[in-house]
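Single-structure report; data block below.
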2 protein chains.
Amino acid sequence: MNSMDWADLPDLKTPYVLVQKERLLRNIRRGAAIATEAGIRLRPHVKTHKSIELAALQHEHGAEGLTASKPSEAEIFVRAGFKDVLVAYPVIDPERIIPLLRAADCNRASVTFIADSREGLTAVEKAAQAAGRSVPVRIKIDVGLHRCGIAAESPALEGLAEILKRSSALIFDGLVSHAGHAYGRTGRDQIGEVAAEERRLMLLARERLTGLGLPDAKISVGSTPTVFSSETFAGIDEIRPGNYVFLDLTAVRLGIATHDDIALAVVATIVSANEDYYIVDAGSKALTSDLGAHSSGGAGFGLASTFDDRASRLPVVRLSEEHGFVERRGGTLPVGTRMLIYPNHACPVVNLFNRLAVYDPEGEPSLWSVDARGRSV
Amino acid sequence: MNSMDWADLPDLKTPYVLVQKERLLRNIRRGAAIATEAGIRLRPHVKTHKSIELAALQHEHGAEGLTASKPSEAEIFVRAGFKDVLVAYPVIDPERIIPLLRAADCNRASVTFIADSREGLTAVEKAAQAAGRSVPVRIKIDVGLHRCGIAAESPALEGLAEILKRSSALIFDGLVSHAGHAYGRTGRDQIGEVAAEERRLMLLARERLTGLGLPDAKISVGSTPTVFSSETFAGIDEIRPGNYVFLDLTAVRLGIATHDDIALAVVATIVSANEDYYIVDAGSKALTSDLGAHSSGGAGFGLASTFDDRASRLPVVRLSEEHGFVERRGGTLPVGTRMLIYPNHACPVVNLFNRLAVYDPEGEPSLWSVDARGRSV
């Protein structure tokens, strides 16, 4: 692509988020191909983009269903017509589950919850009873991130199995995991080991639950690094990557992507300069101060390039709220120059913007709404 | 205050931002008292709270005018009736200045811009000409943060003075600085040294500009640490602190506040627990991954307390996007427990929420809108 094509971009005020559509499509196809080859289901996590239009594009390319974190985010997608939503977060408050069940009923959608505790199962059960129907629920297994979930070997699994067996309001719908600790490894081999261990533990948990009298469980796993690095998906039914659509400097650091795969950048303007730094109008309120997913990460808050020379990458070494400090390295770019800044972590960046500017070399530039943004208080 | 009073809180879904009004008022009065005692003007920075209601409270307690970063944020406050707004950011695009000038004219408000380059002055001049009037502009001096601004000793000051003298569209309105590098110091003595050096450089810059034929410049300085630590404000006309209304763990780390001064917390719920961590429903999309202002900071992403025992503070040691990892330290809090999490940096946290829940032991709890949030693309 010729760098002059960028001149077709909408003249938006910086900072804004730019999505390069040809890279986005390549990433979407890469995720879909992994699922197709393995003969499993791709249920992408929408927390990365929160965009109905982008979710629709994933579905055009073979995704089935979707994954959301917050019930309030899930509701946006249910109301937009998506028929099969997994809330991959242990919601423990029935008052958050009931409105989503209502929205699902009105829109003829299926919503599945997860739980890893008696409190979680009880919350889904109460909401199901209030809605006058049964609700599918999956058990979350901790495969090493040591966040939510029950260890595959844990005796606590027995208590949850008992509840699931005796409750007429709960439909046991399988097992979910998230091997987010893969973000602490580097390279496909190391990450592949995390994925292999995840698979081993999930198969073990399924075996235990079958032994406890539950029906044969579907297994849903997913993180972008493990999905890209798994040797095999044998025995697995579903993957739930989110970040794969955009990728970011974390994916490059992990060795699962190159700079040219990153589909999302923050566009900023040089507003000032001193001896050492170009000062751009994107700070922690645009780039976030994330060093990577799950508190992983290296040095710096992003890499900045000009539109004309995307191969030269200058590190963003510090952030204020509205300012980024880009290392000059002897450069002489004038005040007013626009820069593309590739962030460490795409997901929380999108969470700070109302719209995404999508650049398509094959068509018109367009603006996509970040529909499920700001669903808090 | 008895901990039971917290039961009056609105039953909001977590995570939400809680502001303790009695602490807020104490902080507002503390800032106002510093200005009153020094006989100078307090022009608070609204980037911290983005709330019209909170700005009004600052004005009830002696603040005059206000400071904003983005023109789009400034416009919200101008339209809400605030009459004197400083945009303390070097806007270099006339297209961003013109709409704000129009809004100011319609609302009989005064808007002042800053510049630190020929490009910046030219942008304000062009906008002033387009609006058919003259516009006040201040020169930004770099007093050591090494971000925006011109060094007090720099020959470049002469070029800017020339433009200001010859332009009929620009009204020279004084000097501004921000000693944000104070966030890299600890204790009132060290921070006081930064403030003293800031004052020395600002007086020097004024002297140089007077020598270059400009009228005697007003001097505006401001950051919460330096305002709280200055020995003297002699020769200074205005302070522009922002964070002082809430404060946060950074202020505690700097030694300019105690835990009991922090007026803002994120309220989160324990949704899961494992051997080492309580998992709460506030992650980097609620707490931000900021370690402190201007990339300063220590370890951890916040301190969590229960409502019943606010003296026991458990560190938030890791963040996912929607999850926080709170160290259990042998505790036995049940799933469902609500926690108050005091963040490292209050300003970017507010930027993630639509409303603030304000708890007032003297009155009803209320919700304040974060009016100037999300003013990007």
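Points to keep in mind about this one:
- The mean number of partner chain beta-carbon atoms within 10 angstrom of a residue's beta-carbon across peptide B:275-284 is 4.
- Relative pair counts by distance (%), Cα atoms of region A:110-157, 10 Å bins: 27, 47, 22, 4
- Note on region B:217-357: Cα Rg divided by 2.2 N^0.38 Å, N the number of residues, gives 1.17.
- Working note: Cα atoms of region B:24-242, range along each principal axis, descending, whole Å: 46, 41, 27.
- Amide H within-cut-off set for B:Glu321, under 5 Å, with H built and near neighbours excluded: A:His294, B:Ser284
- Cut-off under 5 Å, modelled amide H: who pairs with B:His45 long-range: B:Thr67, B:Gly242
- Each residue of region A:285-295 was assigned a 3J(HN,Hα) from its phi angle through the Karplus expression (A = 6.51, B = -1.76, C = 1.60, θ = phi - 60°), giving 7, 10, 8, 6, 9, 4, 9, x, 5, 6, 6 Hz with x at Gly and Pro.
- Principal axis extents of the C-alpha atoms in region B:276-361 (largest first, rounded to whole Å): 35, 32, 23.
- Computed over region A:14-140, relative contact order equals 18 percent, with contacts defined as Cα pairs under 8 Å that lie 6+ residues apart.
- For region A:25-242, relative contact order (Cα pairs under 8 Å, six or more residues apart, normalised by length) works out to 19 percent.
- Normalised by residue count, region A:116-220 yields a Cα convex hull volume of 91 Å³ per residue.
- Ranked by how many other beta carbons lie within 10 Å on average, peptides A:42-52, A:124-134, B:47-57 from highest: A:42-52, B:47-57, A:124-134
- Beta bridges by DSSP in chain A, antiparallel share as percent, to the nearest 5: 50
- Cross-link check: pairs A:Lys21/B:Lys70; A:Lys50/A:Lys140; B:Lys13/B:Lys285; A:Lys47/A:Lys83; A:Lys70/A:Lys126 evaluated at a Cα-Cα cut-off of 21 Å; pairs beyond the cut-off: A:Lys21/B:Lys70; A:Lys50/A:Lys140.
- Sparse-neighbourhood loop sites, GluC sites (Glu not before Pro) in region A:205-314 - DSSP loop, at most 10 other Cβ within 10 angstrom: A:Glu275
- Our helix-only sum for chain B, with -39,500 (n - 2.57) per DSSP H run of n ≥ 4 divided by its residues, gives a mean residue ellipticity at 222 nm of -9500 deg cm²/dmol.
- DSSP beta bridge pairing in region A:1-149, given as percent antiparallel to the nearest 5: 0
- The order of the peptides A:335-347, A:358-370 by mean Cβ neighbours within 10 Å, most packed first, is A:335-347, A:358-370.
- For region A:183-234: rounded, prolate or oblate by the Cα gyration tensor [a/c cutoff 1.5]: prolate
- Beta bridges by DSSP in the protein assembly as shown, antiparallel share as percent, to the nearest 5: 50
- Kirkwood Rh and Cα Rg combined as Rg/Rh, the protein assembly as shown: 0.99
- Other protein chain C-beta atoms within 10 Å of residue C-beta, averaged over B:113-120: 3.
- Cα convex hull of region A:76-174, projected area averaged across orientations, nm²: 6.1
- Scaled against 2.2 N^0.38 Å for its residue count N, the alpha carbon radius of gyration of chain B is 1.04.
- Peptide B:145-156 is shielded by partner chain Cβ atoms: per residue, an average of 3 of them sit within 10 Å of its Cβ.
- Computed from backbone phi, the HN-Hα couplings of region A:171-179 come to 10, 5, 10, x, 10, 10, 8, 9, 8 Hz, rounded to whole numbers (Karplus: 6.51 cos²θ - 1.76 cosθ + 1.60, θ = phi - 60°; Gly and Pro given as x).
- The orientation-averaged shadow of the Cα convex hull for region A:64-113, equal to a quarter of the hull surface, comes to 2.8 nm².
- Helix B:156-166 axis, angle to chain B major axis (alpha carbon atoms, nearest 10°): 60
- Mean separation of Cα pairs under 8 Å and 6 or more residues apart, divided by the residue count, gives chain B a relative contact order of 20 percent.
- If you bin all the Cα-Cα distances of region B:164-287 at 10 Å, starting from zero, the percentages per bin are 12, 31, 24, 17, 11, 4, 2, 0.
- Long-range amide H partners of A:Ala152 with built H, under 5 Å: A:Asp142
Any read-out appearing in this document is the output of simple, stated calculations on the displayed coordinates, not a laboratory observation. It should be emphasised that the depicted structure is a prediction, and the values quoted were computed from it without experimental measurement. In this analysis, Cβ positions are derived from the backbone assuming ideal geometry, glycine residues included, and neighbour counts consider all displayed protein chains.
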